[in-house]
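Step one of this worksheet: look at the structure below.
Please treat every number below as a calculation from the coordinates, not as lab data. The structure presented is a predicted model; accordingly, all values stated were derived computationally and were not measured. Positions of Cβ are generated from backbone atoms using ideal geometry, with glycine treated the same way; all protein chains shown enter the neighbour counts.
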Amino acid sequence: MTDPQQIEREAQAAKALRDSIAELRAGHEDEDLAIDMIEGETGLFECIDALLAANTADVAMVTGIEKVAADLDGRRRRVEARIATRRALIEQAMLTAEIKKVERPAATLTMANRAPSVVTIDEADIPARFWTAGAPKLDRKALAEALRSGEPVPGAHLSNAAPTLSVRTK
């Protein structure tokens, strides 16, 4: 790896050499001659080449890391799907057997009803007090509170409370 101070020294040397050439050739500077002189008298271009090579290696590293991360992300999603499938199988088995709670060596499993969630049928029928100011946005929290307190709200109702599986491992 090229030392940052080394590249600075080489750039300063190249600038000094360029200034000297400009003084000698006042008004008739030849760009190719200046580059040839800098290349012959300093290590600036070798430093630049080393920096470019390091960037190329780092770009390859980033590409490789992105590939590995994408592969691992796909693997994570597959493992999460397996976990969800097994959980659903346990939940279905407990519902079918009408078991509310079971203690096993690895975990305690409990079936409980979830709180009902808001189901909107037609947002146009929902009263204005359930909408926030500015861009129209439904205040689902206020709507849920009203429905849970027994207030009838046109355009919305609570869902049936679906059972859910709680798994405690501690």
### Task
Using R₀ = 30 Å, calculate the FRET efficiency as 1/(1 + (r/R₀)^6) where r is the Cβ-Cβ separation of LYS141 and LYS100; round to 0.05.
0.50
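Counting other Cβ atoms within 10 Å of each Cβ, which trypsin sites (Lys or Arg not before Pro) in the range 99-163 have at most 13 and sit in a DSSP loop? The partial results should precede the final answer.
Numbers: sites: LYS100, LYS101, ARG114, ARG129, LYS137, ARG140, LYS141, ARG148; in loops: LYS100, ARG114.
Taking the range 99-163 and a limit of 13 other Cβ atoms within 10 Å, the loop trypsin sites (Lys or Arg not before Pro) found are LYS100, ARG114.
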#### Entry: Taking the C-alpha atoms of the range 43-126, convex hull volume expressed per residue in Å³
240 Å³
